[in-house]
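For reference, the structure discussed in these notes is given below.
The values are calculated or read from the model by the stated rules, or taken from the named source; none is laboratory data. Values in this document were obtained by computation on a predicted structure and should not be read as measured data. Please note: Cβ atoms are built from the backbone with ideal geometry, for glycine as well, and neighbour counts cover all protein chains shown.
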Number of protein chains: 2
Amino acid sequence: MTYCVGLLLNEGIVLLSDTRTNAGLDNIATYRKMFIFEEPGERVIAIVTAGSLSVTQTAIAELREAIEDPEAGPDSSIMMAPTMLSVAEIVGDTLARVRQTVDDKLAAMRQGASASMIVAGQRKGGEMRMFLIYPEGNFIEATDDTPFLQIGEHKYGKPILDRVVRPETSLADAQKAVLLSMDSTLRSNLSVGMPLDLAVIHRDACRIDSQRRIEAGDADFARMSAAWSKALRDSFAKVKL
Amino acid sequence: MTYCVGLLLNEGIVLLSDTRTNAGLDNIATYRKMFIFEEPGERVIAIVTAGSLSVTQTAIAELREAIEDPEAGPDSSIMMAPTMLSVAEIVGDTLARVRQTVDDKLAAMRQGASASMIVAGQRKGGEMRMFLIYPEGNFIEATDDTPFLQIGEHKYGKPILDRVVRPETSLADAQKAVLLSMDSTLRSNLSVGMPLDLAVIHRDACRIDSQRRIEAGDADFARMSAAWSKALRDSFAKVKL
């Protein structure tokens with residue numbers, strides 16, 4: 001599986017993804033699940049993916065091909081699409097088409113393929129937006145009421161987000177929130193694994209402000225994880241039955 | 001859905017279940033999912049259930065009928081079974097048979113039925129044991145390495161258990177742990193709902209030591225839940241990125 005989470009806040013966007021893929025528990029590998037498409041100052045689009053690697057890799061490759069196609073237009077290239085809604089539609093259509101193709105191949109083995117994505121970004125002059133694209137290509141959008149979207153193994157890390165993430169959450173707190181949400185997931189589910197990819201996009205910057213790979217031995221992450229564990233145990237000891 | 005959790009500790013057993021059942025989100029009802037079978041001082045068995053209500057109700061009813069049957073024997077009655085392992089086998093066989101019968105009926109509608117249970121208890125002179133019974137009737141047992149079992153919506157409430165529950169955890173802390181685990185689940189998943197049923201069995205007592213229904217307005221639970229929320233937010237503020 002996978003765990004990816006995206007936050008759409010007043011100050012900007014924070015995205016975090018793990019990198020573990022597995023074909024059975026005995027075949028584990030590391031693959032990037034975060035993809036950035038950027039024309040700094042003009043347009044930034046970040047995509048994180050969950051599900052069948054054969055679907056997500058092909059879908060991302062097709063999105064790239066469509067961008068590089070000399071005949072690319074606003075209906076086919078996410079770097080030319082007039083709005084973030086159009087971007088979500090292109091990604092949705094691509095994901096649905098690739099998933100269907102792979103699904104048809106797998107049907108012979110009585111298996112299926114599924115995948116989902118979070119697409120977030122902004123073009124100059126437009127709104128900052130974030131969408132969750134379902135395997136069928138339809139999508140939902142993050143709003144002030146629900147400023148975060150999750151794909152993959154989302155349940156372990158949801159309680160902390162439910163408690164602390166609001167549209168007015170700062171980008172620093174937002175990075176802490178997604179990392180702690182990931183920390184809970186890493187502890188409880190083997191199919192989610194380090195390293196992690198973390199990206200931050202400030203509102204109206206239309207560029208990636210920071211992008212960081214957090215490796216398994218990352219001292220800062222280990223320290224934060226240990227501090228959070230200790231804080232939770234201390235809180236647990238303090239709360240009265 | 002449902003969330004039920006059982007802890008098998010050095011000092012005894014703690015079980016917690018919610019009571020929400022739903023046939024679609026527009027048809028919600030409250031049903032007890034915790035069932036106690038007790039001959040105080042001789043034998044105590046507690047069962048919590050998750051899954052299709054038509055399966056779990058019928059399985060519990062059949063277990064009761066088998067106990068009351070004048071021809072009941074150690075192979076059919078969980079109150080006469082010689083060991084907790086035999087109890088788990090009887091419960092597993094009953095669950096698998098009922099599930100299969102309901103499944104066959106539903107097959108005509110291209111639907112299926114599933115259910116699982118946690119069975120915990122002790123008979124005089126025997127070991128205190130706890131089992132998770134799968135829909136197929138097979139089961140696994142709690143051990144020192146893994147002193148808790150969960151059924152239903154188990155993911156939201158697992159991180160706190162992973163962090164604080166050990167075999168040497170006191171029964172007071174254990175009750176706090178399962179209630180906080182449930183609190184996280186209640187907040188994040190509508191298909192799990194109050195009231196709750198909480199039971200405690202001390203080692204070698206062979207009787208229920210306390211059994212409590214926690215209603216939606218329970219002041220103690222609300223206070224604990226609020227204190228935990230505050231402690232989490234305070235901890236979050238303190239942990240450095």
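Every residue in the stretch B:20-54 that is modelled with pLDDT under 95 and among the β-branched types (Val, Ile, Thr), please.
B:21, B:28, B:30
Checking the condition under 30 Å from residue A:171 (Cα atoms), within 11 Å of chain A (Cβ to nearest Cβ), under 20 Å from the mean Cα position of the chain (by Cα) and of a type in the set (A, V, I, L, M, F, W, C), which residue from B:198, B:186 passes?
Criteria check complete, one pass: B:186.
For residues in the stretch B:48-71 being surrounded by 22 or more Cβ atoms within 10 Å (Cβ to Cβ) and free of Cβ contacts under 8 Å to residues at least 60 places away in the same chain, which is nearest to residue B:150 (Cα to Cα)?
Ranking the qualifying residues of the stretch B:48-71, first place goes to B:59.
Please specify each residue of the stretch A:90-127 satisfying the condition of being in contact with a helix residue (DSSP H, G or I) (Cβ under 7 Å, 6 or more places away or on another chain), assigned to a helix (DSSP H, G or I) and small (Gly, Ala, Ser).
Scanning the stretch A:90-127 gives no hits.
Scanning the stretch A:43-79 for residues that are assigned to a helix (DSSP H, G or I) and acidic (Asp, Glu), which turns out nearest to residue A:90 (Cα to Cα)?
A:62
I'm told residue A:121 meets every condition in (1) at pLDDT below 95; (2) buried (at least 24 other Cβ atoms within 10 Å of the Cβ) except one. Can you identify the failing condition by its number?
(1)
Those residues that are buried (at least 22 other Cβ atoms within 10 Å of the Cβ) and within 7 Å of another protein chain (Cβ to nearest Cβ), I need them from the stretch A:159-174; list them, please.
Passing the criteria: only A:159.
Could you tell me how many of the residues in the stretch A:211-226 are of a type in the set (A, V, I, L, M, F, W, C), crowded, with 16+ Cβ neighbours inside 10 Å and either within 11 Å of another protein chain (Cβ to nearest Cβ) or farther than 24 Å from residue A:6 by Cβ (or both)?
Total satisfying the criteria: 2.
Anything in the stretch A:230-241 that is loosely packed, with under 15 Cβ neighbours inside 10 Å and either more than 8 Å from every other protein chain (Cβ to nearest Cβ) or at pLDDT 90 or above (or both)? List them, or say none. Before the answer, list the steps.
Taking the stretch A:230-241 first, the residues loosely packed, with under 15 Cβ neighbours inside 10 Å are A:230, A:233-234, A:237-238, A:240-241.
Listed by number, the residues that qualify are A:230, A:233, A:234, A:237, A:238.
Among A:180, A:132, A:149, which is within 11 Å of another protein chain (Cβ to nearest Cβ) and either aliphatic (A, V, I, L, M) or without any contact (Cβ under 8 Å) to a residue 24 or more places away in the chain (or both)?
Criteria check complete, one pass: A:180.
Among (1) surrounded by fewer than 23 Cβ atoms within 10 Å (Cβ to Cβ); (2) farther than 25 Å from residue A:13 by Cα, there is one condition residue A:137 misses while meeting the rest; what is its number?
Unmet condition: (2).
Restrict the check to the stretch B:203-210 and report whether at least one residue is surrounded by 13 or more Cβ atoms within 10 Å (Cβ to Cβ), of a type in the set (D, E, K, R) and free of Cβ contacts under 8 Å to residues at least 40 places away in the same chain.
No, because not a single residue in the stretch B:203-210 is surrounded by 13 or more Cβ atoms within 10 Å (Cβ to Cβ), of a type in the set (D, E, K, R) and free of Cβ contacts under 8 Å to residues at least 40 places away in the same chain.
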